[in-house]
Amino acid sequence: MADGGAVTTEAEAGGATGSWAPGTQILWRYRENAGRHFHIARPVTVVRDDEEILAVWLAPGTECVRPVLADGTPVHLEPLESRYTKPRSVQRDRWFGTGVLKLARPGQPWSVWLFWEPGWQFKNWYVNLEEPLVRWAGGVDSEDHFLDISVHPDRSWHWRDEDEFAQATRDGLMDDRLAARVREAGRGAVEVIRAWGPPFSDGWQHWRPDPSWAVPSLPEDWDRTPAHMSS
């Protein structure tokens, strides 16, 4: 894997239930909301993978896939009232800025991302509320739930994107039952933050990537449907 930058094979991954070795390159993907297609794909390098946590590194400069409006306009530039109703497409782009360390505990409906300023000055943790990750031979898949939480080095925190969460619910991307489940997941994450439990207490802000790791490549079949999603 380290020399090719392609997604790991079924044998290398040990199947969808096996563990990936540190340095393995996989895909971290999100499906479109209320749809089956993937609209976010990020090649990442495995830092740790065991029964407690999956940790991956999104390196600066990595080629990724992100959603855009059909005319190429970045989603965040579209007014909120029409952001989720206008036709969309996807676009290849690079992950600019500093890299991101992503942490996910098995079965948990959120992942925790660590951000740094240039020079490895730790910035914040970011709790991304989402469907629990589903593993397949080439990586992990999820669906974003719009609502997020920022957690600062002094352990203070605040909700993020509540306006997007509300708009997505109004536009039918989440029904009331799912919205309630997301809110419940968010309250669960806040309990962990207040108790300063893992992964916040685990010292990941001091972690650094292996300098020998190559930046993963985005495979041509980044949007392929894995066996666990086939009908």
Legend entry - Unmet requirement for Val192, which otherwise passes all of (1) within 18 Å of the chain's Cα centre (by Cα); (2) more than 28 Å from Cys64 (Cα to Cα); (3) among the β-branched types (Val, Ile, Thr): (1)
Inset, instruction - Scan region 145-163 for residues that are buried (at least 20 other Cβ atoms within 10 Å of the Cβ) and in contact (Cβ under 8 Å) with a residue 24 or more places away in the chain and jot them down. - result: His145, Phe146, Leu147, Ile149, Val151
Legend entry - Extreme residue, farthest from Ser217 (Cα to Cα), among residues of region 16-51 that are of a type in the set (Gly, Ala, Ser) and in contact (Cβ under 8 Å) with a residue 24 or more places away in the chain: Ala34
Legend entry - Matching strands (runs of 3 or more DSSP E) fully within region 127-199 where at least 1 residues are in contact with a Phe, Trp or Tyr (Cβ under 7 Å, 6 or more places away or on another chain): 139-151
Inset, instruction - Tell me which residues, restricted to region 96-110, are under 10 Å from Ala55 (Cα atoms) and assigned to a strand (DSSP E or B). - result: Leu101, Lys102, Leu103, Ala104
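Bear in mind that the values in this text are calculations on the coordinates, not laboratory data. For clarity, every value in this text was computed on a predicted model and none was experimentally measured. Glycine also receives a Cβ, built like all others from the backbone with ideal geometry; neighbour counts cover every protein chain displayed.
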